[in-house]
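The structure appears below as structure tokens.
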Amino acid sequence: MSDDQDFDLKDLDDGELVEQIQDDLYDGLEGEVAEGVEILLDRGQDANDVLGNALVGGMKIVGEDFRDGILFVPEVLKCAAAMKAGMVLLRPILANSSIDISLGKFVIGTVKGDIHDIGKNLVGMMLEGAGFEVIDLGINNPVENYLEACDEHKPVIMGMSALLTTTMPYMGVVIEEFDKRGMMDDIHIMVGGAPLNQEFADAIGAPAYGRDAARSSEMAADYARSLQ
Ligand code: B1M
């Protein structure tokens with residue numbers, strides 16, 4: 001993938017620009033990714049398409065090369081920073097910034113032992129856009145953090161994210177603890193993350209499984225509306 005850019009991103013057509021943003025994300029070039037995203041938005045491209053094609057598409061390539069030992073953690077960290085630089089620009093649009101929080105509160109966090117937060121942040125953004133007040137617990141959360149946050153904020157839904165096969169079972173530990181304390185009737189729990197599926201969610205007793213950010217926010221909104 002290219003290092004130096006001696007051309008103007010504005011000269012590229014939409015398809016070329018999406019590919020260039022993917023390349024720049026791969027190379028961890030935060031400024032270039034942000035600029036490319038801005039250009040696509042200025043051209044009237046839908047924010048969801050920019051997210052899906054340029055950023056998530058770019059991160060997919062990173063994921064494959066990370067898996068195959070072509071990229072390593074320091075490089076992938078730079079890719080993640082570049083992805084976040086693009087997401088910052090999409091956030092106000094995806095979250096709709098009208099600050100509608102009529103659907104109630106949604107507590108969300110990545111589980112203990114897991115520091116992946118890009119997907120969780122995306123879900124949080126879409127939830128804000130759907131009308132939730134999002135309380136983000138960040139990464140590496142033990143069960144106590146979820147319990148404390150739910151006690152303090154009384155959310156309609158509590159969500160957990162996990163990206164590792166080694167951390168996803170911890171979601172079951174959290175659900176067991178919520179169940180033991182009789183909290184499952186009051187708080188709906190949603191789980192999500194790349195290695196999960198509906199079968200796993202059913203096995204750990206999670207009432208809801210969110211496959212991606214768009215679907216998760218729709219499901220959450222439907223659930224919250226059903227209570228109103
Ligand atoms: Co990591 N990593 N990583 N990593 N990393 C994966 C997950 C991996 C699949 C890469 C690979 O091998 N192909 C692999 C896991 C393998 C496995 O478990 N079987 C892996 C590994 C092994 C590791 C380390 C162990 C590597 C090492 O140290 N040797 C290490 C673990 C650290 C830890 O957590 N303790 C590690 C570290 C890292 C970085 C720090 C370098 C970086 C994270 C930076 C960050 O997040 N701030 C990183 C990254 C970036 C990735 C990949 C490349 C990309 C993840 C991502 O952001 N995807 C990833 C490969 C991959 O997933 N293809 C990989 C984009 C994001 C938009 O998608 O997160 O799936 P995703 O979120 C989606 C859905 O899953 C869903 O909606 C989101 C949006 O549509 N969703 C929810 C997510 N959470 C949800 C919650 C919901 C509902 C839906 O409800 C509450």
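The values are calculated or read from the model by the stated rules, or taken from the named source; none is laboratory data. For clarity, every value in this text was computed on a predicted model and none was experimentally measured. When we count neighbours, we look across all protein chains shown, and the Cβ atoms used for this are built from the backbone with ideal geometry, even at glycine. In case anyone asks, the SASA skips ligands and DNA or RNA and just uses the protein heavy atoms, side chains included. Shrake-Rupley method; radii C 1.70, N 1.55, O 1.52, S 1.80 Å.
Whether any residue in region 194-211 is open to solvent by 10 Å² or more (accessible area, probe 1.4 Å), within 14 Å of residue 109 (Cα to Cα), within 12 Å of the ligand (Cβ to nearest atom) and small (Gly, Ala, Ser) is what I want to check.
No.
Out of (1) β-branched (Val, Ile, Thr); (2) more than 9 Å from the ligand (Cβ to nearest atom); (3) more than 30 Å from residue 183 (Cα to Cα), what's the single condition that is false for residue 107?
(3)
Which condition number in (1) farther than 21 Å from residue 207 by Cβ; (2) open to solvent by 20 Å² or more (accessible area, probe 1.4 Å); (3) out of contact with any Gly (no Cβ under 9 Å at 6 or more places or on another chain); (4) at pLDDT below 95 is the one that residue 125 fails?
So residue 125 meets the others, but not (2).
Restricting attention to region 156-167, which residues are within 8 Å of the ligand (Cβ to nearest atom), among the aliphatic types (A, V, I, L, M) and in a loop (DSSP other than H, G, I, E, B)?
Correct list: 162, 163, 164.
Could you say which residue among 171, 126 is under 20 Å from residue 59 (Cβ atoms), within 12 Å of the ligand (Cβ to nearest atom), in a helix (DSSP H, G or I) and under 18 Å from the mean Cα position of the chain (by Cα)?
Values: 171 fails: under 20 Å from residue 59 (Cβ atoms).
When all the criteria are applied, what remains is 126.
Against the conditions (1) among the aliphatic types (A, V, I, L, M); (2) under 19 Å from the mean Cα position of the chain (by Cα); (3) open to solvent by 20 Å² or more (accessible area, probe 1.4 Å), where does residue 70 fall short? Just the number, please.
Result: residue 70 passes all but (2).
Condition test on residue 178, is it more than 16 Å from the chain's Cα centre (by Cα), more than 13 Å from the ligand (Cβ to nearest atom), farther than 30 Å from residue 89 by Cα and surrounded by 17 or more Cβ atoms within 10 Å (Cβ to Cβ)?
On the way: more than 16 Å from the chain's Cα centre (by Cα): yes; more than 13 Å from the ligand (Cβ to nearest atom): yes; farther than 30 Å from residue 89 by Cα: yes; surrounded by 17 or more Cβ atoms within 10 Å (Cβ to Cβ): yes.
In short, yes.
Among the numbered criteria (1) open to solvent by less than 50 Å² (accessible area, probe 1.4 Å); (2) within 8 Å of the ligand (Cβ to nearest atom); (3) of a type outside the set (D, E, K, R), which one does residue 147 miss?
Of everything listed in (1) open to solvent by less than 50 Å² (accessible area, probe 1.4 Å); (2) within 8 Å of the ligand (Cβ to nearest atom); (3) of a type outside the set (D, E, K, R), residue 147 misses just condition (2).
Take residue 36 and tell me if it is open to solvent by less than 70 Å² (accessible area, probe 1.4 Å) and at pLDDT below 95.
Details: open to solvent by less than 70 Å² (accessible area, probe 1.4 Å): yes; at pLDDT below 95: no.
Answer is no for this residue.
Pull out all pairs, ordered by first then second residue, where Cβ-Cβ is under 8 Å, the residues are six or more apart or on different chains, the first lies in region 58-85 and is under 16 Å from residue 32 (Cα atoms), and the second is loosely packed, with under 15 Cβ neighbours inside 10 Å and modelled with pLDDT under 90.
No pair meets every condition.
So which residues in region 84-123 are on the phi < 0 side of the Ramachandran plot and part of a loop (DSSP other than H, G, I, E, B), if there are any at all?
95, 98, 100, 101, 102, 103, 112, 114, 115, 116, 117
Which of the following residues is of a type in the set (A, V, I, L, M), surrounded by fewer than 21 Cβ atoms within 10 Å (Cβ to Cβ), over 15 Å from residue 158 (Cα atoms) and touching a helix residue (DSSP H, G or I) at 6+ places or on another chain (Cβ under 8 Å): 77, 137, 90? Spell out how you get there, then give the answer.
Details: 77 fails: touching a helix residue (DSSP H, G or I) at 6+ places or on another chain (Cβ under 8 Å); 137 fails: over 15 Å from residue 158 (Cα atoms).
90 is the lone residue from the list that is of a type in the set (A, V, I, L, M), surrounded by fewer than 21 Cβ atoms within 10 Å (Cβ to Cβ), over 15 Å from residue 158 (Cα atoms) and touching a helix residue (DSSP H, G or I) at 6+ places or on another chain (Cβ under 8 Å).
Pairs needed: first member in region 139-166, at positive phi; second member anywhere, open to solvent by less than 80 Å² (accessible area, probe 1.4 Å) and away from the ligand (no atom under 14 Å from the Cβ); C-beta distance under 8 Å; at least 6 residues apart or different chains.
none
Check region 175-193 and report whether any residue there is farther than 28 Å from residue 57 by Cα, assigned to a strand (DSSP E or B) and touching a residue at least 12 places away in the same chain (Cβ under 8 Å). Reasoning before the result, please.
Looking only at region 175-193, we keep the residues that are farther than 28 Å from residue 57 by Cα, and these are 175-189.
When the remaining residues are screened for being assigned to a strand (DSSP E or B), the result is 188-189.
With the extra rule that they be touching a residue at least 12 places away in the same chain (Cβ under 8 Å), the set shrinks to 188-189.
Within region 175-193 (the criterion being farther than 28 Å from residue 57 by Cα, assigned to a strand (DSSP E or B) and touching a residue at least 12 places away in the same chain (Cβ under 8 Å)), the answer is yes, since at least one residue qualifies.
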